[in-house]
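Working notes for the structure below.
FYI, it's all coordinate maths here, none of it is from the lab. Since this is a predicted model, take the numbers as computed values, not measurements. Note: ideal-geometry Cβ built from the backbone for every residue, glycine included; neighbour counts use all protein chains shown.
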Amino acid sequence: MRSKLFLASAALLALQLVANAQVPEDVLRYAYPLMGGTARNQAIGGAMGSLGGDITAAHINPAGIGMYKNSEFVMSPNFSFLNNKFNFRGDQTKSKDNGIGYGTSGFVWGHSHNSRYKKSSSSAISLTINQTANYNNRMQYKGFNNFSSWSEQYVEELARNRATVNQALNNYIFGSSLAFQLYLVDTIADQNNNVIGYQSLVPLPGINGGPEGVMQTNLIETRGGAHEIALAFANNYNDKLHFGVAFNVPFFSYQKEQTYREEDMSGNLNNDFSYFEYKENYKTTGWGFNAKLGMIFRPVEKLRFGLAFHTPTFSSMNDRISAEMKVNSENYTNLPQPRVITSDELKGSNSNAGNYNYNMITPYRLLGSLSFVINEVKEVKRQKGFVTADIEYVNYRGTRYQAQDATNVDDVNYYTELNNSIKNRYKGAMNLRLGGELKFNTIMTRLGFAYLGSPYATKELKGSRMLLSGGLGYRNKGMFVDLTYVHALINYSHVPYWLADKANVVADGKNSRGNIVLTFGFKFM
């Protein structure tokens, strides 16, 4: 058992699916992507902040586009595969998944200025697309729990809202009402048959203990990705100073299918509970805009300093949610068992229930970088390699949600509480990226390392990520091919449900993700 130190309001927010679908965990989906880009960029750990000369610079430090003096076309397909391992209440579980995606692809148009009346040595413009996150995943865990039940979140919700019986039946169609309709949750009455509260029928040990308890199983499958289109401009002043700006349109597509089950393990066939199963289908789409500003300074030939600022991303989002529950309450009622009910059956005249529109603002990023180029000369073919490092600050707790309808008081209040919860749950974090390349005529070898700090404000939740990478490159006569393998080691925690009056159970996960990236392209004069 591991307790959480978050405020009770943070736990309560996860229960309010009746009004909104967003929860604090959504922050990491949009603000905590893994490394992307071309094979070259990923091979050097993503440390592209001061290096330039790669099309990925448009999405990291657009000043790097200013090093182009000719034109280039790039494509970057990739293939990923992952293994998940979870420890949930002492039980070990494994799951696998794989999929295809892409890194930075697009065009760069570079132009040299030979006129003595021009101060800039060259300028460039690029149009690119990049997959910033791949949501394809399958995670599963299970374990025995004699301490708490998923159903208790419904009891807390109904009690907190002082719900009447009619409200319990109809007002919480994605959770509590499903449970109440199927007698997973029922009323508590006084001696005069007046309703004084609610209770879960899932058998857990009482004050004196006992054999009761449930086997909990959680399966979550996700699909989709986050993508970004970037239009970048950059100038090169006498091969000393580079300035760049990128205007970006990110867009998101995410789908989650979850099946959660609790099964009675007491062996008692007359305790009014055999099992229940909850299924949820959740879809998110959205798009937004942001800007990236950057500069690269080369005080001497061998050194490059980079600085970049990524504005927050302002997005318009839409969520759709539907749910289904199946319960076998044995002999608690005279109704046939098991029984099934869906959220669609409880919508009534509100056909738009489960459809949410809102605005989201993800955190700003600040990036500093340093590169040392071996045998730095203007003739790129004579360069022998480089080492480079980036350090980045991301303010995860700065993520904010807003109601699109400012006149809807309930939505405004909900997002105010949600934003307060995010500020309590997350923190700013530092990310470190290191990489290097050695060049042997037309062949390059590369290595990289990245460490992404945990975004959680408490040490009890795990969230750090480490990536190791290596690759090869070939360049000759205007054609180039790069091949990279990236291995990500990710520690993270998943909380199946949040309770305000009990310590919450946690599934500790280790994710091992492999990514093979191929980039090929052509240079044009």
- Query: Among all the lysines, which ones have a C-alpha under 17 Å from K502's C-alpha, if same-chain residues fewer than 8 places away are not counted?
  - Reply: K4
- May I ask you to give the average projected area over all directions of the convex hull of the Cα atoms of the range 243-328, in nm² rounded to one decimal? 10.7 nm²
- Message: If I take all pairs of Cα atoms in the range 62-143, what percentage of them are more than 21 Å from each other?
- Response: 56 percent
- Which whole-angstrom value gives the distance between the alpha carbon centres of the range 235-311 and the range 119-193? 20 Å
- Per DSSP H run of n ≥ 4, the term is -39500 (n - 2.57); total these for the chain, divide by its residue number, and report the mean residue ellipticity at 222 nm rounded to 500 deg cm²/dmol. -3000 deg cm²/dmol
- If each residue's Cβ is checked for other Cβ atoms within 10 Å, how do F440, F86 rank with the fewest at the top? F440, F86
- Note on the structure: If R0 = 56 Å, then V249 and L269, at their Cβ-Cβ distance, give a FRET efficiency to the nearest 0.05 of 0.45
- Note on the structure: Here the net charge surrounding V517, from other residues whose Cβ is less than 11 Å away from its Cβ (Lys, Arg +1; Asp, Glu -1), is 0
- In this model, which of K69/K240; K96/K326; K85/K283 are farther than 19 Å apart at the alpha-carbon? K96/K326; K85/K283
- Extension reserve of the K462-E301 stretch, reckoned as 0.36 nm per residue once the Cα distance is removed: 53.7 nm
- Contour excess over end-to-end distance, with Cα ends at T259 and F144 and 0.36 nm allotted per residue: 39.7 nm
- Within the range 234-264, report the trypsin sites (Lys or Arg not before Pro) that DSSP leaves as loop and that have at most 13 other Cβ atoms within 10 Å. K240
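Counting only Cα atoms, I'd like the Rg/Rh figure for the range 106-196, Kirkwood definition for Rh.
That ratio equals 1.58.
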- Using a basic spin-label model with each label point 7 Å from the Cα along Cα→Cβ, how many nm lie between Q337 and M430? 5.8 nm
- What the Cα atoms of the chain span along the principal axes, largest first and in whole Å, is 96, 48, 34
- Message: Below 14 angstrom from the Cβ of D482, what's the summed charge of the other residues (Lys, Arg +1; Asp, Glu -1)?
- Response: +2
- Could you list the square roots of 5 times each eigenvalue of the Cα gyration tensor of the range 336-442, that is, the equivalent ellipsoid semi-axes, sorted largest first and rounded to whole Å? 52, 20, 14
- Extension gain (nm, one decimal) between F79 and I516, 0.36 nm per residue minus Cα-Cα: 156.8 nm
